[in-house]
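Report on the structure given below.
The values are calculated or read from the model by the stated rules, or taken from the named source; none is laboratory data. What you see is a predicted model; the values in this text were computed from it and never measured. Backbone-built Cβ (ideal geometry, glycine too); neighbour counts: all protein chains shown.
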Amino acid sequence: MSLIPEPLSLAERDRRWNLARTLMQAERLEALIVYGDREAAAPANFSPDCYFTNDRPGSIVVFVGDEAPRVHTFASLMVADHIQAALRGDLQWVPPEQLFVGKTGRDVGVWLASRKLDGARIGVIGLEPYPPFYFDGALPARTMQGLSEALPRSEFVPVYRPFFQRASIKSEEELGLVRYAAHIGEAMSETLRATARPGVSEAELVAAVTSTCFSMGGYTAEILLGSGPDYVGWGPPAWQYRAQRPRVLREGDVVLSEIFALYGMLETQHQAAVAIGDVHTDILRAAEVARESYEAGLAALRVGNTFGDLVDAMEAPLLASGGWHVHPLVHSINPYGPVGFGTAPGIESLPEAAAYQQLSRLPTVGRELPLQAGMCFAFEPNCAFGRHLANIGGTVIVGEHEGVALNENSTRLMHAHA
C-alpha cells in the first residue's frame, strides 16, 4: 500500500449526490441544507459539505430536487482556489456556476425563498448533537436564525441520522482512501515509537509524527499526546494551549497518543502507546486488558450485530479486570456517529476527582445501530489501574464475519529502542 490512490471519480460524485436525493425522498424533503464547519476544525471536524463537494471545507451545500447542489462558501478565497484547480486540470465536482460566496443563513434562506420554498419541509444536517465536541449541534444559532427569518413558514427537520445510515457505508473508492490513510497512520505510529527515548521532548515527538504524515501526502491537524510514569490525562499536550515547556521523556515513561491520519477527508485513528524502558507493571497489565478488548471487538464487528453488541463485547474485559477508563472504547468515523463509552468506571475512580463537584458521565450513543459491511470504526480500548493508564487501537472496517483491521503496530503496547 505505497501508491497514492487516484482522485475520487465523477461516478463517486454521482453516487453521493444520489444519496442526498434518496434521503430527501425518504424524509419527504423539498430541500436539503448541509452545514460544514470551518477548515482545520479537528479532531472530529464536522465536514459533510466536503462529502458532497470533494472540495475545500467550510461551506453550506444546498440540494433542491434533482438539480446540481448549490454551494455557499465562506469567502472568495475558495473561488480563487476553484479557479486555480481548473487551471491545473484538477478533477472538480462542482461547476463554477454552482459556487456562491455567502455562507450565512440569510443568503441560503433568501435563495430558497426565491425558489418559492417558504413553507416547505427542509432537511438540515448540522442541527443534531455530534459528539465529542458539538453536543448542541454544529450549525450556529445565527445561521439558523437567518434561515428562519427568510423562510418563516418552513419546517426545518434534523436529518443527520438518516444521512449517517447511508454515508457510513463506504464505497470501494472510499475504502481505498481509508486504507491509504491507515497506511499513513501506521507509519506515523512507527515514527512515534522510533523517536521516543529519554531526553526527547514531547514537542519533538509531535514534530516527527506530523512530518511523517505530510511527507506521505496526508493531513493531520492535531495529535493527542501525553507522557509520564503515571499519566491519566487525555487530550492535546498542555504546552499547545498553556504557556509552558514541553515535557522531556524519561526512563520508565509511557507515551500515550491518539494519531489522526486523513487522506481525501477520510480519516483513520491510531492509539499509539510506547513504553520507554521498564514501566510500571500496572501499565503492562492495563495494556493486556486493552488488547483483550481489541480482540473482542474484532470478533464482534460483523454483520448481524448492533453497535451495542460491539460495545458490550469490548467492555467485558475491562469490567472483569476492575480497571477504569478515560475515553471511549470505540466510535464510528467517516462520519462520526455512534460512540461507545460503556458502563465501566471513569475518572471519578481517582481520589483526586473528589474535588470536582460535577463529573457527568458521557453515555453510549447509537446502541441500536445495525452494523453493515463497509462501516469504519476507531477502536480505542483503554484501561487504567490507579494512575497507570494504557490505550491501544486502530481503524477497523465492519466485515461479514469479523472486523477487518487496517493497523498492526498501534494495536499493542510498543516499546522504544534501548
Here the residues within segment 110-130 that are part of a loop (DSSP other than H, G, I, E, B), modelled with pLDDT of 95 or more and surrounded by 14 or more Cβ atoms within 10 Å (Cβ to Cβ) are R115, L117, D118, A120, G126, L127
G137 meets each of (1) touching a residue at least 24 places away in the same chain (Cβ under 8 Å); (2) in contact with a strand residue (DSSP E or B) (Cβ under 9 Å, 6 or more places away or on another chain); (3) not in a strand (DSSP E or B); (4) not assigned by TED's automatic domain parsing to the domain that holds I392 with one exception, condition (1)
Only one of (1) over 18 Å from E267 (Cα atoms); (2) touching a Pro at 6+ places or on another chain (Cβ under 6 Å); (3) touching a residue at least 12 places away in the same chain (Cβ under 8 Å); (4) not aliphatic (A, V, I, L, M) does not apply to G176, and that is (1)
Residue list for segment 136-182, restricted to those being closer than 16 Å to G218 by Cα and buried (at least 22 other Cβ atoms within 10 Å of the Cβ): E174, L177, V178, Y180, A181, A182
Among the residues of segment 63-82, count how many are outside any helix (DSSP H, G or I), in contact with a Lys or Arg (Cβ under 9 Å, 6 or more places away or on another chain) and surrounded by fewer than 14 Cβ atoms within 10 Å (Cβ to Cβ). 3
Filter segment 53-76 down to the residues that are hydrophobic (A, V, I, L, M, F, W, C) and at pLDDT below 95, then identify the one that is farthest from the chain's Cα centre (by Cα). A75
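Here's the yes/no breakdown for (1) surrounded by 21 or more Cβ atoms within 10 Å (Cβ to Cβ); (2) not in a loop (DSSP other than H, G, I, E, B):
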residue	(1), (2)
V34	yes, yes
N45	yes, no
V61	yes, yes
Q84	no, yes
Q92	no, no
V108	yes, yes
Out of segment 47-59, which residues are closer than 16 Å to L23 by Cβ and either in a strand (DSSP E or B) or in contact with a strand residue (DSSP E or B) (Cβ under 6 Å, 6 or more places away or on another chain) (or both)? P48, D49, F52
Selection from segment 164-183 of residues among the aliphatic types (A, V, I, L, M) and within 24 Å of A272 (Cβ to Cβ) yields L175, L177, V178, A181, A182
Report whether or not P345 is surrounded by fewer than 20 Cβ atoms within 10 Å (Cβ to Cβ), on the phi < 0 side of the Ramachandran plot and assigned by TED's automatic domain parsing to the domain that holds L249. yes
Using the structure shown, decide if R179 is charged (D, E, K, R) and under 16 Å from the mean Cα position of the chain (by Cα). yes
Give me the residue from segment 358-406 that is surrounded by fewer than 18 Cβ atoms within 10 Å (Cβ to Cβ) and of a type in the set (S, T, N, Q) and, out of that set, nearest to the chain's Cα centre (by Cα). Q372
What pairs can you find where one residue is in segment 314-340 and among the β-branched types (V, I, T) and crowded, with 23+ Cβ neighbours inside 10 Å, the other is in a helix (DSSP H, G or I) and at pLDDT 95 or above, and their Cβ atoms are less than 8 Å apart, with a gap of 6+ or different chains? V330/G297; V330/L310; V330/V311; V330/M314
Would segment 147-158 turn up any residue that is in contact (Cβ under 8 Å) with a residue 24 or more places away in the chain, under 27 Å from the mean Cα position of the chain (by Cα) and assigned to a helix (DSSP H, G or I)? no
Of all strands (runs of 3 or more DSSP E) fully inside segment 238-320, the set with 1 or more residues that are in contact with a helix residue (DSSP H, G or I) (Cβ under 8 Å, 6 or more places away or on another chain) and more than 18 Å from H331 (Cβ to Cβ) is 254-263, 273-275
Subset of segment 241-283 that is of a type in the set (G, A, S) and over 23 Å from A187 (Cα atoms) - its residue that is surrounded by the fewest Cβ atoms within 10 Å (Cβ to Cβ): A243
